[in-house]
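The values are calculated or read from the model by the stated rules, or taken from the named source; none is laboratory data. This is a predicted model, so every value here is computed, not measured. We place every Cβ from the backbone using ideal geometry, glycine too, and count neighbours over all the protein chains shown. To get the accessible areas, we keep the full protein, side chains included, count just its heavy atoms, and leave off ligands, DNA and RNA. Shrake-Rupley method; radii C 1.70, N 1.55, O 1.52, S 1.80 Å.
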Amino acid sequence: MEGALDFLQHGTLAGKSIVIQGAGNVATVIVEELLNKGVSSIYVTDCHQNRVDDMKHLFHGKHDGRLTIKKVDIDDVSVMSMPCDILSPCALGNVLNKETIPTIQAEIVCGAANNQLGSPEDNELLKERGITYVVDYLANRMGIVNCANETYGRLPNDPAIERHFGSEWENSIIKMTKKILEKARDENITPVQAADVIADKLSRELHPIWPNRSQQIIDALVEGEWHNQPV
(Lines give C-alpha, C1' and ligand atoms only; values in the text may rest on other atoms or scores of the structure.)
Protein backbone atom coordinates (compact mmCIF):
# COMPACT_ATOMS: atom_id res chain seq x y z
CA MET A 1 0.00 0.00 0.00
CA GLU A 2 2.78 2.40 0.91
CA GLY A 3 4.63 1.64 -2.30
CA ALA A 4 1.54 2.37 -4.40
CA LEU A 5 0.88 5.62 -2.54
CA ASP A 6 4.49 6.65 -3.04
CA PHE A 7 4.29 5.81 -6.75
CA LEU A 8 1.20 8.01 -7.08
CA GLN A 9 2.83 10.70 -4.92
CA HIS A 10 -0.14 10.59 -2.55
CA GLY A 11 1.76 10.72 0.70
CA THR A 12 1.60 8.18 3.50
CA LEU A 13 -1.16 5.98 4.89
CA ALA A 14 -1.99 8.61 7.50
CA GLY A 15 -5.51 9.91 6.95
CA LYS A 16 -6.38 7.36 4.26
CA SER A 17 -9.57 5.28 4.17
CA ILE A 18 -9.22 1.51 3.72
CA VAL A 19 -11.83 -1.12 2.88
CA ILE A 20 -10.94 -4.78 3.49
CA GLN A 21 -12.78 -7.88 2.34
CA GLY A 22 -12.01 -10.63 4.86
CA ALA A 23 -11.33 -10.66 8.60
CA GLY A 24 -8.96 -13.61 8.87
CA ASN A 25 -5.42 -13.84 10.23
CA VAL A 26 -3.75 -11.78 7.52
CA ALA A 27 -6.43 -9.09 7.58
CA THR A 28 -6.03 -8.86 11.36
CA VAL A 29 -2.33 -8.07 10.99
CA ILE A 30 -3.12 -5.53 8.26
CA VAL A 31 -5.71 -3.79 10.45
CA GLU A 32 -3.25 -3.53 13.33
CA GLU A 33 -0.57 -2.02 11.10
CA LEU A 34 -3.01 0.40 9.48
CA LEU A 35 -4.25 1.66 12.85
CA ASN A 36 -0.65 2.19 13.96
CA LYS A 37 0.06 4.16 10.79
CA GLY A 38 -2.78 6.59 11.41
CA VAL A 39 -5.37 5.77 8.76
CA SER A 40 -8.65 7.66 9.11
CA SER A 41 -10.98 4.68 8.73
CA ILE A 42 -11.04 0.93 8.11
CA TYR A 43 -14.15 -0.96 7.01
CA VAL A 44 -13.95 -4.76 7.15
CA THR A 45 -16.45 -7.41 6.05
CA ASP A 46 -16.46 -11.19 6.47
CA CYS A 47 -19.01 -13.94 5.90
CA HIS A 48 -18.07 -15.78 9.11
CA GLN A 49 -19.57 -14.45 12.33
CA ASN A 50 -16.79 -15.93 14.46
CA ARG A 51 -14.14 -13.99 12.54
CA VAL A 52 -16.15 -10.80 12.89
CA ASP A 53 -16.52 -11.40 16.62
CA ASP A 54 -12.83 -12.27 17.05
CA MET A 55 -11.69 -9.09 15.32
CA LYS A 56 -14.13 -6.94 17.29
CA HIS A 57 -12.88 -8.47 20.54
CA LEU A 58 -9.21 -8.09 19.58
CA PHE A 59 -9.47 -4.40 18.73
CA HIS A 60 -12.05 -3.39 21.33
CA GLY A 61 -11.10 -0.01 22.73
CA LYS A 62 -8.04 0.27 20.49
CA HIS A 63 -9.27 2.00 17.35
CA ASP A 64 -10.83 5.32 18.44
CA GLY A 65 -13.87 4.68 16.28
CA ARG A 66 -11.81 4.22 13.13
CA LEU A 67 -12.65 0.51 12.66
CA THR A 68 -15.98 -0.92 11.48
CA ILE A 69 -16.44 -4.68 11.12
CA LYS A 70 -19.55 -6.17 9.52
CA LYS A 71 -20.91 -9.68 8.91
CA VAL A 72 -22.15 -10.19 5.33
CA ASP A 73 -23.53 -13.06 3.27
CA ILE A 74 -20.96 -15.21 1.48
CA ASP A 75 -22.04 -13.92 -1.94
CA ASP A 76 -22.16 -10.25 -0.87
CA VAL A 77 -19.52 -8.31 -2.84
CA SER A 78 -20.93 -4.84 -2.14
CA VAL A 79 -17.74 -4.07 -0.19
CA MET A 80 -15.92 -3.90 -3.53
CA SER A 81 -17.86 -0.78 -4.50
CA MET A 82 -17.43 1.18 -1.27
CA PRO A 83 -15.74 4.59 -1.69
CA CYS A 84 -12.23 4.52 -0.20
CA ASP A 85 -8.61 5.31 -0.94
CA ILE A 86 -7.48 1.67 -0.92
CA LEU A 87 -9.47 -1.51 -1.49
CA SER A 88 -7.87 -4.61 0.03
CA PRO A 89 -9.21 -8.05 -1.00
CA CYS A 90 -8.10 -10.47 1.74
CA ALA A 91 -10.61 -13.29 1.40
CA LEU A 92 -11.38 -15.42 -1.65
CA GLY A 93 -9.91 -15.19 -5.14
CA ASN A 94 -11.69 -14.24 -8.36
CA VAL A 95 -13.09 -11.08 -6.77
CA LEU A 96 -11.69 -8.67 -9.35
CA ASN A 97 -13.81 -9.45 -12.39
CA LYS A 98 -16.01 -7.93 -15.06
CA GLU A 99 -18.86 -7.52 -12.56
CA THR A 100 -16.93 -5.92 -9.68
CA ILE A 101 -14.21 -3.89 -11.39
CA PRO A 102 -16.63 -1.37 -12.97
CA THR A 103 -18.02 -0.64 -9.48
CA ILE A 104 -14.69 -0.07 -7.69
CA GLN A 105 -14.38 3.44 -6.25
CA ALA A 106 -10.83 3.08 -4.93
CA GLU A 107 -7.75 4.42 -6.65
CA ILE A 108 -5.58 1.56 -5.34
CA VAL A 109 -6.29 -2.15 -5.01
CA CYS A 110 -3.84 -3.97 -2.76
CA GLY A 111 -4.75 -7.12 -0.83
CA ALA A 112 -3.51 -10.48 0.37
CA ALA A 113 -6.03 -12.81 -1.30
CA ASN A 114 -4.64 -15.29 -3.82
CA ASN A 115 -5.68 -15.25 -7.49
CA GLN A 116 -7.66 -12.03 -7.17
CA LEU A 117 -8.24 -11.59 -10.90
CA GLY A 118 -11.03 -13.55 -12.51
CA SER A 119 -9.32 -13.67 -15.91
CA PRO A 120 -6.44 -12.04 -17.85
CA GLU A 121 -8.97 -9.66 -19.39
CA ASP A 122 -9.80 -8.32 -15.93
CA ASN A 123 -6.18 -7.23 -15.62
CA GLU A 124 -6.71 -5.02 -18.67
CA LEU A 125 -10.00 -3.72 -17.29
CA LEU A 126 -8.28 -2.44 -14.14
CA LYS A 127 -5.76 -0.62 -16.33
CA GLU A 128 -8.49 0.89 -18.49
CA ARG A 129 -10.23 2.24 -15.38
CA GLY A 130 -7.00 3.83 -14.15
CA ILE A 131 -6.92 1.73 -10.97
CA THR A 132 -3.45 1.16 -9.51
CA TYR A 133 -3.22 -2.57 -8.84
CA VAL A 134 -0.56 -4.12 -6.60
CA VAL A 135 -0.14 -7.66 -7.92
CA ASP A 136 -1.40 -10.25 -5.44
CA TYR A 137 1.72 -12.41 -5.40
CA LEU A 138 3.78 -9.37 -4.45
CA ALA A 139 1.40 -8.09 -1.79
CA ASN A 140 1.13 -11.49 -0.09
CA ARG A 141 4.65 -12.76 -0.70
CA MET A 142 5.63 -12.93 2.98
CA GLY A 143 3.73 -16.20 3.36
CA ILE A 144 6.14 -17.83 0.93
CA VAL A 145 9.13 -15.97 2.38
CA ASN A 146 8.35 -17.29 5.87
CA CYS A 147 8.10 -20.84 4.55
CA ALA A 148 11.29 -20.53 2.50
CA ASN A 149 13.21 -19.10 5.46
CA GLU A 150 12.14 -21.72 7.99
CA THR A 151 15.28 -23.78 7.38
CA TYR A 152 17.42 -20.75 8.29
CA GLY A 153 15.98 -20.52 11.81
CA ARG A 154 14.70 -17.34 13.45
CA LEU A 155 16.27 -14.31 15.11
CA PRO A 156 14.67 -11.49 17.15
CA ASN A 157 13.84 -8.69 14.69
CA ASP A 158 15.27 -10.99 12.03
CA PRO A 159 17.04 -8.90 9.36
CA ALA A 160 16.26 -11.60 6.78
CA ILE A 161 12.57 -10.81 7.36
CA GLU A 162 12.67 -7.14 8.30
CA ARG A 163 14.44 -6.10 5.08
CA HIS A 164 11.30 -6.98 3.14
CA PHE A 165 9.35 -4.25 4.96
CA GLY A 166 11.87 -1.43 4.74
CA SER A 167 12.79 0.84 1.88
CA GLU A 168 16.55 0.25 1.71
CA TRP A 169 16.81 -3.22 0.15
CA GLU A 170 16.32 -3.14 -3.62
CA ASN A 171 13.92 -6.10 -3.46
CA SER A 172 11.83 -4.85 -0.54
CA ILE A 173 8.07 -4.90 -1.03
CA ILE A 174 7.88 -1.11 -1.23
CA LYS A 175 10.69 -0.78 -3.77
CA MET A 176 9.47 -3.72 -5.84
CA THR A 177 5.94 -2.29 -5.90
CA LYS A 178 7.25 1.00 -7.25
CA LYS A 179 9.51 -0.77 -9.75
CA ILE A 180 6.58 -2.79 -11.11
CA LEU A 181 4.22 0.17 -11.31
CA GLU A 182 6.85 2.36 -12.96
CA LYS A 183 7.58 -0.34 -15.56
CA ALA A 184 3.87 -0.75 -16.25
CA ARG A 185 3.45 3.01 -16.70
CA ASP A 186 6.55 3.53 -18.83
CA GLU A 187 5.84 0.57 -21.14
CA ASN A 188 2.05 1.02 -21.19
CA ILE A 189 1.44 -2.50 -19.91
CA THR A 190 -0.45 -3.80 -16.91
CA PRO A 191 1.14 -4.26 -13.49
CA VAL A 192 0.64 -8.02 -13.82
CA GLN A 193 2.56 -8.08 -17.10
CA ALA A 194 5.32 -5.94 -15.59
CA ALA A 195 5.52 -8.12 -12.48
CA ASP A 196 5.70 -11.32 -14.53
CA VAL A 197 8.61 -9.97 -16.59
CA ILE A 198 10.54 -8.93 -13.47
CA ALA A 199 9.76 -12.22 -11.70
CA ASP A 200 10.89 -14.26 -14.69
CA LYS A 201 14.17 -12.36 -14.80
CA LEU A 202 14.80 -12.78 -11.06
CA SER A 203 13.95 -16.48 -11.24
CA ARG A 204 16.96 -16.97 -13.52
CA GLU A 205 19.42 -15.68 -10.93
CA LEU A 206 21.43 -18.52 -9.42
CA HIS A 207 20.82 -19.40 -5.78
CA PRO A 208 23.93 -18.52 -3.71
CA ILE A 209 23.96 -21.94 -2.01
CA TRP A 210 22.23 -24.22 -4.54
CA PRO A 211 23.07 -22.85 -8.01
CA ASN A 212 21.22 -24.68 -10.81
CA ARG A 213 19.31 -26.76 -8.27
CA SER A 214 15.93 -26.06 -9.88
CA GLN A 215 17.22 -27.03 -13.31
CA GLN A 216 18.67 -30.24 -11.92
CA ILE A 217 15.29 -31.12 -10.38
CA ILE A 218 13.50 -30.39 -13.66
CA ASP A 219 15.98 -32.49 -15.63
CA ALA A 220 15.55 -35.38 -13.18
CA LEU A 221 11.76 -35.22 -13.47
CA VAL A 222 11.90 -35.20 -17.26
CA GLU A 223 14.40 -38.07 -17.32
CA GLY A 224 12.12 -40.09 -15.06
CA GLU A 225 9.17 -39.25 -17.33
CA TRP A 226 7.24 -37.81 -14.42
CA HIS A 227 5.03 -35.95 -16.88
CA ASN A 228 3.87 -39.26 -18.37
CA GLN A 229 2.81 -40.80 -15.06
CA PRO A 230 -0.91 -41.57 -14.70
CA VAL A 231 -2.86 -39.02 -12.73
_Quick check: convex hull over the Cα atoms of segment 87-208, volume per residue in Å³, rounded to an integer?_
123
*How much accessible surface does Val44 have with a 1.4 Å probe, in Å² rounded to 10?*
0
*So what J values fall out for segment 139-150 if you push phi through Karplus, 6.51 cos²θ - 1.76 cosθ + 1.60 with θ = phi - 60°, rounded to Hz, Gly and Pro as x?*
5, 10, 5, 5, x, 5, 4, 4, 5, 5, 8, 4
*In deg cm²/dmol and to the nearest 500, what is the mean residue ellipticity at 222 nm of the chain if only DSSP H runs of at least 4 residues count, each as -39500 (n - 2.57), divided by the residue total?*
-11500 deg cm²/dmol
*Extension gain Asn94-Asn146, at 0.36 nm per residue separation less the Cα-Cα distance, in nm?*
16.2 nm
*asked:* I want the local charge near Arg163. Using Cβ-Cβ distances under 11 Å, sum +1 for each Lys or Arg and -1 for each Asp or Glu among the other residues.
replied: -3
_Equivalent ellipsoid dimensions for segment 32-137 as semi-axes, Å, which come from the Cα gyration tensor, largest first_ = 25, 16, 11
*asked:* In whole percent, and with a 1.4 Å probe on the protein chains, what portion of the accessible area of segment 100-221 is carbon and sulfur?
replied: 53
*asked:* Test of the criteria: in segment 182-231, which GluC sites (Glu not before Pro) are in a DSSP loop and have at most 12 other Cβ atoms within 10 angstrom of their Cβ?
replied: Glu205, Glu225
*Taking the Cα centre of segment 1-124 as origin and charging only Cβ (+1 Lys, Arg; -1 Asp, Glu), how large is the dipole, in debye to the nearest 20?*
440
*Based on the alpha-carbon gyration tensor of the chain, what equivalent-ellipsoid semi-axes (square roots of 5 times the eigenvalues) come out, in whole Å, largest first?*
32, 22, 20
*When ligands, DNA and RNA are left out and all protein chains stay put, how many square angstrom of accessible area per residue does the chain have with a 1.4 Å probe?*
60
*asked:* Keeping all protein chains in the complex and leaving out DNA, RNA and ligands, what accessible area do you get for Lys62 with a 1.4 Å probe, in Å² to the nearest 10?
replied: 130
*Could you let me know the centre-to-centre spacing of segment 152-231 and segment 35-100, using Cα atoms, in angstrom?*
30
*Counting only C-alpha contacts under 8 Å and six or more residues apart, can you give the relative contact order of segment 3-153 as a whole percent?*
21
*Short version: ³J(HN,Hα) in whole Hz for each residue of segment 10-15, in order, from phi by Karplus 6.51 cos²θ - 1.76 cosθ + 1.60 (θ = phi - 60°), x for Gly and Pro, what are they?*
10, x, 9, 6, 4, x
*Dipole magnitude of the chain, debye to nearest 20 (Cβ charges: Lys/Arg +1, Asp/Glu -1, about Cα centre)*: 560
